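Colleague: Okay, here's the structure, questions in a sec.
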Amino acid sequence: MEVKEADAKYLVPVRRRPIKLGALPADWDVIELATRATIQSGIAKNANAALRDPVAVPYLRVANVQDGYLDLREVALIEIERSDLNRYAVLPGDVLMNEGGDLDKLGRGALWHGQIDPCVHQNHVFVVRCKAGLVPEYLNAWTSTAQARRYFMLAGRQTTNLASINKTSLGELTVAVPPTEGEQREIAKAISDTDALIDSLEQLLTKKRQIKQGAMQELLTGKRRLPGFIKAWTHTTLAQVADMKSGLAITASRLQETYPYPCYGGNGQRGFTDSFTHEGSYALIGRQGALCGNVCLAKGRFYASEHAVVVTTHKNVDVIWLHYVLIRMNLNQYSESSAQPGLSVEKLLKLELNLPEFSEQQAIGEILADIDADIEVLEMRLAKTRILKQAMAQALLTGRIRLVEPTT
């Protein structure tokens with residue numbers, strides 16, 4: 001699927017009006033949410049309530065309403081009065097918004113498409129039901145803008161552990177609204193199309209990572225041999241295939257983004273510095289910290305700090321192959337428990353492995369490296385698409401780009 005920038009068919013009118021949300025097209029309205037939508041509170045769970053005519057129905061909780069999507073893998077049931085079913089029902093087209101949680105998650109929401117019928121919502125999830133002049137899909141997109149998120153942060157009431165926003169404050173949310181429902185739908189569709197591309201890229205990335213895990217499991221254990229290789233593998237230890245030594249101490253004052261050489265520590269790359277300790281290709285193992293045991297491949301000139309273990313391979317041992325073997329070993333499981341978890345080089349060198357001939361190591365390493373290269377391309381494409389979506393949404397939701405002819 002290809003990302004296409006929104007088709008700006010018409011220029012925004014020159015006449016604009018400055019408002020709190022910034023400059024908007026002259027034909028747009030600025031409204032409070034309550035003027036074009038009803039906001040409905042949900043049902044509070046009360047295990048001690050005596051019900052005359054109970055009915056068990058699915059109900060949505062805060063955990064089900066994520067930022068822009070619904071997680072319906074676990075939907076709880078609640079018993080309510082049958083007569084209350086219509087009062088608390090969630091209907092297709094409703095915008096679900098969270099009332100409480102972490103401050104940065106207030107107001108997060110998603111559009112309900114009637115996935116479960118009947119279904120109700122708990123009191124910590126608001127149902128926002130749009131009236132004429134406000135399209136639900138557009139409102140759902142607007143709640144993700146920087147302006148809306150800023151409002152939720154300011155309007156939320158912070159307690160020790162949680163934050164919340166009440167029905168009145170939610171109703172006072174300012175929304176910039178295009179003059180026609182048709183334009184609102186066009187804006188929502190453009191954003192939704194980009195969301196669909198992001199979803200497809202995420203699924204493809206997940207599949208690629210699963211392929212890599214499967215390939216590592218089969219190729220690094222000898223369960224599947226590559227064509228042309230039949231020689232038996234040698235059972236050995238890490239001490240017989242590589243040397244391991246910690247890097248050199250370095251202070252934070254020596255790290256600057258403008259310096260040319262990457263510096264690696266216990267959790268991977270930590271910045272750049274003006275000198276290097278090694279040149280070539282080496283596997284690095286994080287030695288200290290919560291993420292000790294993480295493995296990366298460093299190439300070229302780089303600085304290895306005292307919190308990284310540099311793995312120098314012996315003759316006829318391929319460094320790319322060995323770095324994948326070390327990843328599969330899950331070295332973090334060998335960390336020694338203390339206030340600061342760490343790995344013992346002496347213990348690592350005693351770990352056992354099976355060693356193929358050098359040419360088979362190279363072939364295995366090349367295959368896995370090619371998969372990693374595909375994953376990196378997908379990650380970059382996904383990151384760029386997310387940036388494009390954010391910029392496009394901001395332009396569409398503030399009228400800087402118009403998809404229909406502006407009204408006079």
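Derivation of every value follows stated rules applied to the coordinates shown; laboratory data play no part. None of these values were measured; they are calculated from a predicted model. Here Cβ is always computed from backbone atoms with ideal geometry, including for glycine, and neighbour counts include all displayed protein chains.
Colleague: To the nearest 0.05, how large is the calculated FRET efficiency for Gln362 and Gln240 if R₀ is 22 Å and r is the Cβ-Cβ distance?
Modeller: 0.75
Colleague: Given a Förster radius of 41 Å and the C-beta distance between Tyr259 and Thr180 as r, what FRET efficiency does 1/(1 + (r/R0)^6) yield to the nearest 0.05?
Modeller: FRET efficiency, Tyr259 to Thr180: 0.15.
Colleague: Once you order the gyration tensor axes a ≥ b ≥ c over the Cα atoms, which shape class does the stretch 29-177 get: rounded for a/c under 1.5, otherwise prolate or oblate by comparing a/b with b/c?
Modeller: Prolate is the answer for the stretch 29-177, as a/c is 1.5 or above and a/b outweighs b/c.
Colleague: Arrange the peptides 218-231, 79-92 so that the one whose residues have, on average, the most other Cβ atoms within 10 Å appears first.
Modeller: Ranking the peptides 218-231, 79-92 by packing returns 79-92, 218-231.
Colleague: If you don't mind, there's one more thing I want to ask. For Asp67 paired with Gln333, estimate the spin-label separation in nm (one decimal), with each label point 7 Å from Cα along the Cα-to-Cβ line.
Modeller: Between Asp67 and Gln333, the simple spin-label model gives 3.4 nm.
Colleague: Calculate one ³J(HN,Hα) per residue across the stretch 128-144 by plugging θ = phi - 60° into the Karplus curve 6.51 cos²θ - 1.76 cosθ + 1.60, and present them in order as whole Hz with x for glycine and proline.
Modeller: 10, 10, 6, 9, 4, x, 9, 8, x, 4, 5, 4, 4, 5, 4, 5, 9
Colleague: How tilted is helix 146-155 with respect to the longest principal axis of the chain? Cα atoms for both, answer in degrees (0 to 90, nearest 10).
Modeller: The angle comes out near 80 degrees.
Colleague: What's the extension gain from Ser281 to Gln394 if we count 0.36 nm per residue and subtract their Cα-Cα distance?
Modeller: 36.3 nm
Colleague: Still on this structure: Quick check on my link table: of Lys231/Lys347; Lys245/Lys384; Lys231/Lys299; Lys45/Lys167; Lys231/Lys350; Lys223/Lys315, which ones sit more than 27 Å apart, alpha carbon to alpha carbon?
Modeller: Lys231/Lys347; Lys245/Lys384; Lys231/Lys299
Colleague: So what is the relative contact order of the stretch 204-335, in percent, for Cα pairs below 8 Å that sit 6 or more residues apart?
Modeller: 25
Colleague: Over the chain, what relative contact order in percent results from Cα pairs under 8 Å that are six or more residues apart?
Modeller: It comes to 18 percent, rounded to a whole number.
Colleague: Arg52 to Asn86: FRET efficiency via 1/(1 + (r/R0)^6), r the Cβ-Cβ distance, R0 22 Å, to the nearest 0.05?
Modeller: Numbers: r = 16 Å, r/R0 = 0.75.
The value I calculate is 0.85.
Colleague: Which of the three applies to the stretch 291-408, rounded, prolate or oblate, going by the alpha-carbon gyration tensor with a ≥ b ≥ c and a/c under 1.5 meaning rounded?
Modeller: Taking the square roots of the gyration eigenvalues as a ≥ b ≥ c, the stretch 291-408 is prolate.
Colleague: Please state the relative contact order of the stretch 14-173 as a whole percent: Cα pairs under 8 Å, 6+ residues apart?
Modeller: Taking the mean separation of contacting Cα pairs over the length of the stretch 14-173, I get 29 percent.
Colleague: Just the Cα atoms of the chain: what Rg and Dmax do they give in Å?
Modeller: That works out to 28.3, 81 Å for Rg and Dmax.
Colleague: Still on this structure, please answer the following. Where the eigenvalues come from the Cα gyration tensor of the stretch 234-355, what are the semi-axes √(5λ) of the equivalent ellipsoid, largest first, in whole Å?
Modeller: 24, 17, 10
Colleague: Shape verdict for the stretch 109-242, please, from the Cα gyration tensor: rounded (a/c under 1.5), prolate (a/b greater than b/c) or oblate.
Modeller: It is prolate, given that a/c is not under 1.5 and a/b is the larger ratio.
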